[in-house]
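Input: a single structure, listed below in structure tokens.
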Amino acid sequence: MQVEYLIIGQGICGTWLSYYLKKTNKSFVVIDNNQLNSASRIAAGIINPVTGRRIVKTWMIDELLGFLVPAYKELGKELGTNVIEQKNLVDFHPTPQMKIAFDERVKEHAGFLSHPKDQQQYQQNFSYDFGFGEVDPCYVVNLKEILPVWRKKLLLNKQLLEENFEIEELNHSNDKVLYKNIKAEKIIFCDGINSSQNPFFKNLPFALNKGEVILIESADIPSTNIFKKGMMLTSIENGLYWIGSNYLWEFPDDKPTGQFRQQTESLLKNWLKVPFKIADHKASIRPANIERRPFVGFHPVYKNIGILNGMGTKGCSLAPFFAKQLTEHLVSGKEILPEADIKRFSKILMR
Ligand SMILES: Cc1cc2nc3c(=O)[nH]c(=O)nc-3n(C[C@H](O)[C@H](O)[C@H](O)COP(=O)(O)OP(=O)(O)OC[C@H]3O[C@@H](n4cnc5c(N)ncnc54)[C@H](O)[C@@H]3O)c2cc1C
């Protein structure tokens, strides 16, 4: 088989990269081992313009929002389903101090933050004593549709191989890569946390981060919004809700823990006034990094070995934008944004 690009991984990064390459009529094949707890398969799909305890605007969010909504709508058309929904975040203040902090931020980010007038609106569903603020706009991307539906399309077009990629089998020279019976001009790693073990990219400053989620069933939680009180709660399917997550920098493995389950169950019991049933508990590891900026572009020495990775907690916001940049770089030589281009790590990548 001969193609222009060999892509490793079909999480949110490999999905968007293959989508844009397809749109520009480039030939490619994706190898993906369908790892059930990959970050993209566990994520809620939330796009939130302000984050963190200090409620700050996220990196590049004004530019990203203008790009993301039409991009996901266009992808949805291609997949024949709606894949993005606006669900503003209802942020229940856990303490009076947090309410004051939110008030302060409302003045700074008036475009995104407000205190809705009707503060009793959710009293039937949730327990809360200190009111709530709203973050507008927030979105939820339907990863449960995007990943399998795009995969099916690729499989039908013989553009995806469902198998494990073994790096020992890769041969490369200046103008081509050879992997088993595949001959390609370039290889691009979209394999999430596995790139941190990859001989070409292991020197990038990955800082992997574990997160757990609980899925609950309930008939009485509104599906119109994302709700937050310590953790985020959002509907991901009719009657099924996602609640998470924690952020662990040190962890022995990628398995769900009893500690998280207990902590989340007790939070839910105190927070929800409506019946719910725990349906599942999952865990995954985010391909995060110290700088909180993506890893995009080609190796400074092995010019036909590239990467689209390092999306951390923001894969749904960053992957489409940087997959497009990488595609434009490949098609017309357009520069990748310097803060994301792995050129910034040339020295350590050459070691
Ligand atoms: C609990 C949790 C909640 C999150 N919530 C959100 C959220 O709400 N919003 C948001 O934007 N982000 C969220 N994230 C972060 C988001 O999940 C990641 O930023 C994003 O999924 C990373 O995508 P990726 O494509 O780089 O990697 P991955 O999703 O890990 O995809 C890598 C792919 O490569 C494949 N692969 C790996 N190695 C091989 C190999 N050797 N051979 C073949 N295939 C291989 C895997 O099967 C997988 O399909 C969350 C993460 C976690 C853990």
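The values are calculated or read from the model by the stated rules, or taken from the named source; none is laboratory data. Computed from a predicted structure; not experimentally measured. Backbone-built Cβ (ideal geometry, glycine too); neighbour counts: all protein chains shown. Heads up: the accessible areas ignore ligands, DNA and RNA and are worked out on the full protein's heavy atoms, side chains in. Shrake-Rupley method; radii C 1.70, N 1.55, O 1.52, S 1.80 Å.
Can you pull out the residues in the stretch 266-287 that are over 25 Å from the mean Cα position of the chain (by Cα) and open to solvent by 50 Å² or more (accessible area, probe 1.4 Å)?
Matches in the stretch 266-287: SER266, LYS269, ASN270, LYS273, PRO275, PHE276, LYS277.
Among the residues of the stretch 10-31, how many are under 15 Å from LYS324 (Cβ atoms) and within 12 Å of the ligand (Cβ to nearest atom)?
7
Does TYR241 satisfy the criteria of being away from the ligand (no atom under 12 Å from the Cβ) and buried (at least 18 other Cβ atoms within 10 Å of the Cβ)?
Against the criterion (away from the ligand (no atom under 12 Å from the Cβ) and buried (at least 18 other Cβ atoms within 10 Å of the Cβ)), TYR241 qualifies.
Name the one entry in CYS138, CYS190 that is touching a Lys or Arg at 6+ places or on another chain (Cβ under 7 Å), buried (at least 16 other Cβ atoms within 10 Å of the Cβ) and under 30 Å from LEU64 (Cβ atoms).
CYS138
For a quick check of your reading of the model, give me the residue pairs whose first member lies in the stretch 119-134 and is under 15 Å from PRO275 (Cα atoms) and among the polar types (S, T, N, Q), whose second is open to solvent by 30 Å² or more (accessible area, probe 1.4 Å) and modelled with pLDDT under 95, with beta-carbon atoms closer than 7 Å and at least 6 apart or on different chains.
ASN125/ASP220
Please indicate, with yes or no, whether at least one residue in the stretch 333-343 is within 15 Å of the ligand (Cβ to nearest atom), in a strand (DSSP E or B) and modelled with pLDDT of 95 or more.
Checked the stretch 333-343: no residue is within 15 Å of the ligand (Cβ to nearest atom), in a strand (DSSP E or B) and modelled with pLDDT of 95 or more.
In this structure, is GLU145 farther than 23 Å from MET311 by Cβ and either under 17 Å from the mean Cα position of the chain (by Cα) or surrounded by fewer than 21 Cβ atoms within 10 Å (Cβ to Cβ) (or both)?
no
Which one of the conditions (1) outside any strand (DSSP E or B); (2) over 17 Å from the mean Cα position of the chain (by Cα); (3) within 10 Å of the ligand (Cβ to nearest atom) does LYS158 fail to meet, given that it meets all the rest?
It is condition (3) that LYS158 fails.
Could you please find all residues in the stretch 208-225 being within 11 Å of the ligand (Cβ to nearest atom) and of a type outside the set (Lys, Arg)?
LEU208, ASN209, GLY211, GLU212, VAL213, ILE214
Can you tell me which residue in the stretch 62-111 is surrounded by the fewest Cβ atoms within 10 Å (Cβ to Cβ), limited to those that are modelled with pLDDT under 90 and part of a loop (DSSP other than H, G, I, E, B)?
The residue in question is ALA110.
Regarding the stretch 195-215, can at least one residue be identified that is touching a residue at least 60 places away in the same chain (Cβ under 8 Å), assigned to a helix (DSSP H, G or I) and either in contact with a strand residue (DSSP E or B) (Cβ under 9 Å, 6 or more places away or on another chain) or aromatic (Phe, Trp, Tyr) (or both)?
Yes; the residues of the stretch 195-215 include at least one that is touching a residue at least 60 places away in the same chain (Cβ under 8 Å), assigned to a helix (DSSP H, G or I) and either in contact with a strand residue (DSSP E or B) (Cβ under 9 Å, 6 or more places away or on another chain) or aromatic (Phe, Trp, Tyr) (or both).
For the stretch 197-213, give me each residue that is more than 30 Å from VAL177 (Cα to Cα) and out of contact with any Leu (no Cβ under 8 Å at 6 or more places or on another chain).
Within the stretch 197-213, GLU212, VAL213 qualify.
Right, ILE55: open to solvent by less than 40 Å² (accessible area, probe 1.4 Å), out of contact with any Cys (no Cβ under 8 Å at 6 or more places or on another chain) and β-branched (Val, Ile, Thr) or not?
It is true that ILE55 is open to solvent by less than 40 Å² (accessible area, probe 1.4 Å), out of contact with any Cys (no Cβ under 8 Å at 6 or more places or on another chain) and β-branched (Val, Ile, Thr).
State whether the residues of the stretch 46-53 include one that is away from the ligand (no atom under 16 Å from the Cβ) and part of a loop (DSSP other than H, G, I, E, B).
yes
Counting only residues that are assigned to a strand (DSSP E or B), within 12 Å of the ligand (Cβ to nearest atom) and of a type in the set (D, E, K, R), how many does the stretch 259-296 have?
2
Yes or no: ASN246 in contact (Cβ under 8 Å) with a residue 24 or more places away in the chain, out of contact with any strand residue (DSSP E or B) (no Cβ under 7 Å at 6 or more places or on another chain) and either assigned to a loop (DSSP other than H, G, I, E, B) or open to solvent by 20 Å² or more (accessible area, probe 1.4 Å) (or both)?
no
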